[in-house]
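Have a look at the structure below, then the notes.
The values are calculated or read from the model by the stated rules, or taken from the named source; none is laboratory data. All values reported here derive from a predicted model rather than from experimental measurement. Reconstructed Cβ throughout: ideal geometry from the backbone, glycine too, with neighbour counts over all protein chains shown.
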Amino acid sequence: MATYTHGQPSVSLGDEKFRRPMVIEIIEKKMEYLRKEKTLNVYGTVFFGTAASFSGMLANFIFRHCFKVKHDALKTYASVTTLPFLSTVVAYKFLVTDALYLGNISQENCVLRSSLVGIVCGVLYPTGLAFSKTGRLAVKYHTVPLPPKGRVLLYWLLLCQTEVKAMMIPLVFQTVFGIFNGLRHYAIFESTLEKTVRDD
C-alpha cells in the first residue's frame, strides 16, 4: 500500500518489486534491438568494403595486363585491396551511419550518400590507385613504350581504353548495392527507433 509524505506518493516495496522486472525487460529489449541493428550494419558495411577490394583487384589485373607489368604483384594487390576497403568502411561510417544516429539525413539523402560512397570509394578510387601504381611500374621497368611528353595521361588511357570498360561491371554493382544498402540501413534505423519509442 502506498503512503504519502508531504503530498508526494511513496512507492511501496511491492510496487518496486513489480516495476524492477519491467525496467530490466525494457532495457534488455533495447539492447537486443541495438545489437541486431549494429550486427546488420556491420555486415552491410563490411560487404560494401569487400566489394571495393574486388574492384581494386579487377582494376589492378586490367592495368597490369595492359601495361605488361609482371613485377611487384603482391605489393600492388595488397594496396589496391586494403586501401579501398578501409576508405569505404570509414567513409560509410562518417557519411551515413553517424549521420543517421544524429538524425541529420532523410531517406533520400541516406541512399544518395550510400551510392556515392560505393561509386567514389568502391570504383573510382581503386581504379585510380591501380592505374597510378601500375603506370609507375611500367615506367620503372620499361614494359611499354614511354608516352610522348605532355600527353602522358592520354597515352595511358588510349593504351587500355578497351579493357578498362570491364570496370563498368563493378560500377553498376556498387551503385545498385549502394542504393540497396542505404534503403536497408535507413529502414533498420527507423524500425529500431520506433520499437524503442513504443517500449518507452
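A few comments on the model shown:
- Boolean, residue 192 is among the hydroxyl-bearing types (Ser, Thr, Tyr), assigned to a helix (DSSP H, G or I) and touching a residue at least 24 places away in the same chain (Cβ under 8 Å): yes
- Among residues of segment 142-200, those that are under 30 Å from residue 109 (Cα atoms) and modelled with pLDDT of 85 or more, counted: 23
- Segment 58-109, subset surrounded by 15 or more Cβ atoms within 10 Å (Cβ to Cβ) and outside any helix (DSSP H, G or I), residue modelled with the lowest pLDDT: 105
- Qualifying position, being modelled with pLDDT under 95, closer than 22 Å to residue 53 by Cα and assigned to a helix (DSSP H, G or I), among 132, 115: 132
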